[in-house]
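Structure, as structure tokens:
The values are calculated or read from the model by the stated rules, or taken from the named source; none is laboratory data. This structure is a prediction, so every number in the text was calculated from the model and none was measured. Quick reminder, even Gly has a Cβ in these numbers, built from the backbone with ideal geometry, and neighbours come from all protein chains shown.
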Amino acid sequence: MEKFSRFIILVAMTIFSVVSMWTTYVSLTDSILPYPTLNLHLWNGIVWNCSIFALALSVALGLMLFALKLAIVDGHKRLSPVGVIGLVIVAFISISFNMDVLYRTANRDFFIYYSNDKMRKVYESYLVDAHRSLVEKREANLKALARQEGELEAETLGQRKAPPGYGPRAREEAHQLTVLRKTAQVELAAAEAGLRAEQAADSLLGSTQPSNIGEIQALQNSLRISLKETAAISGKPLPDPVRLESPLFAVIARLFDLKSIGYMELFILAVALLLDLGDIIGYSLIPNRRPKLTADPTSPPARPLQEQEEPRKALWSDASAVGRPPLS
């Protein structure tokens, strides 16, 4: 029965190791080590575009974990809490790759939505700041015009020190109003142009829904071209281009975001952990067989019962000869 249990554990280890190698290879190919590649011709004309380093690293990690587990099952390495922690640390890289592939398989559009939202948040925040700056400039010019018109009207009505009518003070205020109108007209026109460019970029951002990484990058380029005029007029420099993360780090950031984690993310974490450590955890839960009690070869052999009674009889006879009570 013990050999059969070990055989089942060995089969489970093999299956888990193969699946873990596959998830590691897929994650490395998509995120970290896509190149260099080698075209391998398989059956029926199928050509496999194999990533050399991704395949080598995935096989190395899988074999290393398999060897550690096999040593534990064969009894060459004891399984203790410290050993479990050490095994988890060794398997952490492989577990991260498992999380990446499992989550992107369960949520196929995750990376597109994640990258699109990350890019949109940057430019939406910039549009809000640029719009606020342009509106403040427009309102400042309009307030300056309104104030100057009020100064001129107050002067002509005689509400200031000079008598009513167009006296020297009124003509001076009218002159200032004319100059202010001309200068404000230019600044207002520039502010309106900046607002129109900002609205065009906002419309582009709201009406476009990318379906792949290339379209996300194309949308970002279009936004930067459209916002150049807005940046020049508002004085707000364009944000740095958003660099999209690799799928692996995007998934890790999503799974460890405590604010948005849900049942699906917890389930993926558990499956990714058990994919590398499930066989060892199952093996450690099997109770140990009770050891058989065997005699110690270094201890002297037990004497027969008859030999043990003879010294006792001799003590009884000696005690009765001298009239003393026998020793028990």
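Quick check, is Y123 farther than 30 Å from Q185 by Cβ, surrounded by 19 or more Cβ atoms within 10 Å (Cβ to Cβ), in contact (Cβ under 8 Å) with a residue 40 or more places away in the chain and outside the structural domain of A270 (by TED's automatic domain parsing)?
Against the criterion (farther than 30 Å from Q185 by Cβ, surrounded by 19 or more Cβ atoms within 10 Å (Cβ to Cβ), in contact (Cβ under 8 Å) with a residue 40 or more places away in the chain and outside the structural domain of A270 (by TED's automatic domain parsing)), Y123 qualifies.
Go through the range 22-47 and give me each residue that's closer than 22 Å to L102 by Cα, out of contact with any Gly (no Cβ under 8 Å at 6 or more places or on another chain) and not charged (D, E, K, R).
Narrowing the range 22-47 to residues closer than 22 Å to L102 by Cα: 22-34.
Filter once more, keeping what is out of contact with any Gly (no Cβ under 8 Å at 6 or more places or on another chain): 22-23, 25-34.
Selection gives W22, T23, Y25, V26, S27, L28, T29, S31, I32, L33, P34.
Do we find that L255 is over 30 Å from S17 (Cβ atoms), of a type outside the set (K, R), surrounded by 15 or more Cβ atoms within 10 Å (Cβ to Cβ) and out of contact with any Pro (no Cβ under 7 Å at 6 or more places or on another chain) in this structure?
On the way: over 30 Å from S17 (Cβ atoms): no; of a type outside the set (K, R): yes; surrounded by 15 or more Cβ atoms within 10 Å (Cβ to Cβ): yes; out of contact with any Pro (no Cβ under 7 Å at 6 or more places or on another chain): yes.
For L255, the condition - over 30 Å from S17 (Cβ atoms), of a type outside the set (K, R), surrounded by 15 or more Cβ atoms within 10 Å (Cβ to Cβ) and out of contact with any Pro (no Cβ under 7 Å at 6 or more places or on another chain) - is not met.
Mind counting the residues in the range 26-56 that are closer than 22 Å to I95 by Cα and assigned to a helix (DSSP H, G or I)?
Looking only at that region, the number is 11.
Suppose we filter the range 204-229 for residues that are assigned to a helix (DSSP H, G or I), closer than 26 Å to F111 by Cβ, out of contact with any helix residue (DSSP H, G or I) (no Cβ under 7 Å at 6 or more places or on another chain) and not β-branched (V, I, T); how many remain? Break it down stepwise before answering.
Looking only at the range 204-229, we keep the residues that are assigned to a helix (DSSP H, G or I), and these are 204-207, 213-226, 228-229.
Pick out the ones that are also closer than 26 Å to F111 by Cβ and you get 204-207, 213-226.
Okay, now just the ones that are also out of contact with any helix residue (DSSP H, G or I) (no Cβ under 7 Å at 6 or more places or on another chain), so 206-207, 214-215, 217-219, 221, 224-225.
So of that shortlist, the ones also not β-branched (V, I, T) come out as 206-207, 214-215, 217-219, 221, 224.
Residues flagged as assigned to a helix (DSSP H, G or I), closer than 26 Å to F111 by Cβ, out of contact with any helix residue (DSSP H, G or I) (no Cβ under 7 Å at 6 or more places or on another chain) and not β-branched (V, I, T) within the range 204-229 amount to 9.
Go through the range 204-241 and give me each residue that's charged (D, E, K, R) and surrounded by 15 or more Cβ atoms within 10 Å (Cβ to Cβ). Walk me through it before giving the result.
Step one: filter the range 204-241 for residues charged (D, E, K, R), giving 215, 224, 228-229, 236, 240.
Matches in the range 204-241: R224, E229, K236.
What pairs come out if I take residues in the range 43-66 that are free of Cβ contacts under 8 Å to residues at least 60 places away in the same chain and pair them with residues that are of a type in the set (K, R) whose C-beta lies under 6 Å away, six or more apart or interchain?
none
Run S31 past the list (1) at pLDDT 85 or above; (2) in contact with a helix residue (DSSP H, G or I) (Cβ under 6 Å, 6 or more places away or on another chain); (3) not assigned by TED's automatic domain parsing to the domain that holds Q209 and report the number of the one that doesn't hold.
It is condition (1) that S31 fails.
Might you let me know whether the range 108-122 holds any residue that is modelled with pLDDT under 85, closer than 24 Å to T23 by Cβ and under 24 Å from the mean Cα position of the chain (by Cα)? Talk me through it step by step, then tell me what you get.
Initially, the range 108-122 is screened for residues modelled with pLDDT under 85, giving 108-109.
Going one step further and asking which of them are closer than 24 Å to T23 by Cβ, we end up with 108-109.
Right, trim to under 24 Å from the mean Cα position of the chain (by Cα) and you get 108-109.
Among the residues of the range 108-122, at least one is modelled with pLDDT under 85, closer than 24 Å to T23 by Cβ and under 24 Å from the mean Cα position of the chain (by Cα), which makes the answer yes.
Name the residue that is nearest to the chain's Cα centre (by Cα), counting only residues in the range 90-107 that are within 16 Å of F16 (Cα to Cα) and not aliphatic (A, V, I, L, M).
S96
Can you name every residue in the range 93-120 that is outside any helix (DSSP H, G or I) and without any contact (Cβ under 8 Å) to a residue 12 or more places away in the chain?
Scanning the range 93-120 gives R108, D109.
Would you tally the residues in the range 127-157 being in contact with a Leu (Cβ under 8 Å, 6 or more places away or on another chain) and not charged (D, E, K, R)?
11
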